[in-house]
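Taking it in order: structure first as structure tokens, then the write-up.
The values are calculated or read from the model by the stated rules, or taken from the named source; none is laboratory data. All values reported here derive from a predicted model rather than from experimental measurement. A quick note on method: Cβ atoms are made from the backbone with ideal geometry, for glycine too, and the neighbour counts reach across all protein chains shown.
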Amino acid sequence: MTEAGLRSLCRSFTEANVLKLAGFATAVEGVEPETQMRAIGMLMDRGWGKPNQPHDAKLEGELRITIRKMLTKEDE
């Protein structure tokens with residue numbers, strides 16, 4: 001299966017999974033509060049995006065980023 005095919009297959013379950021998350025988030029009985037909170041958080045993150053998380057790092061010296069691409073036989 002190709003990466004695109006796998007992605008498409010997973011996305012085909014989106015509606016069913018969102019409904020299941022909503023069921024966990026709104027259950028009156030039988031769902032642990034921790035599970036409910038995780039489901040609520042997942043729904044909010046997907047519906048509204050995750051909030052920005054500020055970073056307060058202080059870097060000293062040089063910052064170097066190296067990006068490498070691994071070649072496959074098809075790339076050669």
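The set of residues from the stretch 4-53 being in a helix (DSSP H, G or I), of a type in the set (Phe, Trp, Tyr) and exposed (fewer than 12 other Cβ atoms within 10 Å of the Cβ) comprises just one member, TRP48.
I'd like to check something: does the stretch 61-69 contain any residue that is at pLDDT below 90, in a loop (DSSP other than H, G, I, E, B) and on the phi > 0 side of the Ramachandran plot? Yes; the residues of the stretch 61-69 include at least one that is at pLDDT below 90, in a loop (DSSP other than H, G, I, E, B) and on the phi > 0 side of the Ramachandran plot.
Before we move on, is MET1 part of a loop (DSSP other than H, G, I, E, B), free of Cβ contacts under 8 Å to residues at least 60 places away in the same chain and among the hydrophobic types (A, V, I, L, M, F, W, C)? Yes, satisfied.
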